[in-house]
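As structure tokens, the structure follows; a few thoughts come after it.
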There are 2 protein chains.
Amino acid sequence: MTELGRRERKKLQTRRSIADAALDLFMARGFDDVGVKEIADRADVSVTTLFKHFPSKESLLFDEDEEQESALLGVVRERPAGKSITQALRDHFVEAAKGHADHPMFDDFQRLVRTTPALRAYAHGMWMRHQDALARVIAAEIGAPDGDVRCAALARFALEARDLIFDRPDRERAADEVFGLLEHGWSADQQS
Amino acid sequence: MTELGRRERKKLQTRRSIADAALDLFMARGFDDVGVKEIADRADVSVTTLFKHFPSKESLLFDEDEEQESALLGVVRERPAGKSITQALRDHFVEAAKGHADHPMFDDFQRLVRTTPALRAYAHGMWMRHQDALARVIAAEIGAPDGDVRCAALARFALEARDLIFDRPDRERAADEVFGLLEHGWSADQQS
DNA sequence: TACAAAAGTGCAACCACTACACTTTTGAAG
DNA sequence: CTTCAAAAGTGTAGTGGTTGCACTTTTGTA
């Protein structure tokens, strides 16, 4: 099934060496202080080749995206009986926010992205692309028609919630409050 | 109070002529098919001057932003007694979405922004900058501490809701559903 | 009237990104 | 093994937004 010829292997290899070079340099000196030329040089390819593998400078840092989406849809689709959709999403994000403590490089990466406006915007854009897929899964789960507004809204809000929570010091508590709001509504604890 | 000297008047005048030239050209031929040079020429200024008035090509289209924010904060702060914050926001957005039918140019403008990715992203970014201010007003209204997570979440979600609603054919109905979700929660009408 | 701040200018440059014409590599078919 | 076309990679020259710089012109004020 996964029979990759030499050609494909070499292609992936170049791609990886570019991404690796980019990661190293960005981590060391910041996103804005590293030019594409330098990355290409480090990866021993031409700038043209670099852009044949990646559509933009920002994209050099975000390679794996398919896994994230399937994981996201999975936790909704295969949540245990009795667990609400919002709870499933909450738990998923809390888990992800725990920050792979085994590999501290991940925290550095997050800090790089969060502190670089261009990267922050790009990452957010990528993340929000999952909105439609998530909305469809939610609609399927509750038997609503595709394109239902409430499902689209929940999908959008839940995805936004992740970024909202990430910026907070106490993420778990923040997740409880934000997803509590989504689950039970603003007027649940509030008088106005 | 508003005594503007000749200098300030001239400055505003050049600024306006730049913005006007940009609007005309963008409307006529689209955002991507008009260069800054051409805009500067049309406004009879140098490119350098153009960029001393506007930080980017996108910003040429978004001049007034202060009014929008104060209007937004106003509808929350000065909502009639008995009206919830979410309802006030809902009504405000529905009103704004009605699209100044008197001036059809506004609809063209909206279409230009919504169909140009760069502009859409920029406008969304601008819009979301109101989040902190809105969150603070909400917190003040319900007597919560500044920086309360639920208030920040409601602010964020409400702002996102506007864009969500704008894309729907029946905006009023969509507004009801989305803000109903925010007000009463996902589990209000849903079994899972 | 003189002077300093502010506005505007033109030029050169930077950087991400693209088009193009080209060479090299590689998989597969005869 | 040879042949051939597709695919990967290259260098160059460009575009377009954006900035830095040194400069002139305008304008409010002392």
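The values are calculated or read from the model by the stated rules, or taken from the named source; none is laboratory data. Keep in mind that what you see is a predicted model, and the values were worked out from it rather than measured. Heads up, the Cβs are rebuilt from the backbone with ideal geometry, glycines too, and the neighbour counts pull from every protein chain shown.
One table, with the values for the structure above:
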{"item": "The lone exception for A:GLN190 - which of (1) over 30 Å from B:GLU78 (Cβ atoms); (2) in contact with a helix residue (DSSP H, G or I) (Cβ under 7 Å, 6 or more places away or on another chain) it fails", "result": "(1)"}
{"item": "Subset of the stretch A:130-140 [over 20 Å from A:LYS83 (Cα atoms) and either without any contact (Cβ under 8 Å) to a residue 24 or more places away in the chain or surrounded by 16 or more Cβ atoms within 10 Å (Cβ to Cβ) (or both)]", "result": "A:HIS130, A:GLN131, A:ASP132"}
{"item": "Residue, surrounded by the fewest Cβ atoms within 10 Å (Cβ to Cβ), within the stretch A:1-38, restricted to residues that are β-branched (Val, Ile, Thr) and modelled with pLDDT of 95 or more", "result": "A:VAL36"}
{"item": "Search result, residues across the stretch B:152-191 that are more than 7 Å from chain A (Cβ to nearest Cβ) and among the aromatic types (Phe, Trp, Tyr)", "result": "B:PHE166, B:PHE179"}
{"item": "Hits in the stretch A:67-110 (condition: basic (Lys, Arg) and touching a helix residue (DSSP H, G or I) at 6+ places or on another chain (Cβ under 7 Å))", "result": "A:ARG77, A:ARG79, A:ARG90"}
{"item": "Meets criteria (away from every other protein chain (no Cβ under 14 Å), under 24 Å from A:GLY125 (Cβ atoms) and within 9 Å of DNA strand C (Cβ to nearest atom)) for A:SER46", "result": "no"}
{"item": "Residue in the stretch B:142-165 that is surrounded by fewer than 18 Cβ atoms within 10 Å (Cβ to Cβ) and touching a residue at least 60 places away in the same chain (Cβ under 8 Å) present", "result": "no"}
{"item": "Condition check for A:ARG16: within 24 Å of A:TRP127 (Cα to Cα), without any contact (Cβ under 8 Å) to a residue 12 or more places away in the chain, within 16 Å of DNA strand D (Cβ to nearest atom) and among the charged types (D, E, K, R)", "result": "yes"}
{"item": "Qualifying residue in the stretch B:39-51 (condition: within 15 Å of DNA strand D (Cβ to nearest atom), in a helix (DSSP H, G or I) and in contact (Cβ under 8 Å) with a residue 24 or more places away in the chain)", "result": "yes"}
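Conditions tested, residue by residue: (1) more than 16 Å from the chain's Cα centre (by Cα); (2) within 17 Å of B:VAL75 (Cα to Cα).
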residue	(1), (2)
B:HIS124	no, no
B:ILE138	yes, yes
B:ASP170	yes, no
B:GLU183	yes, yes
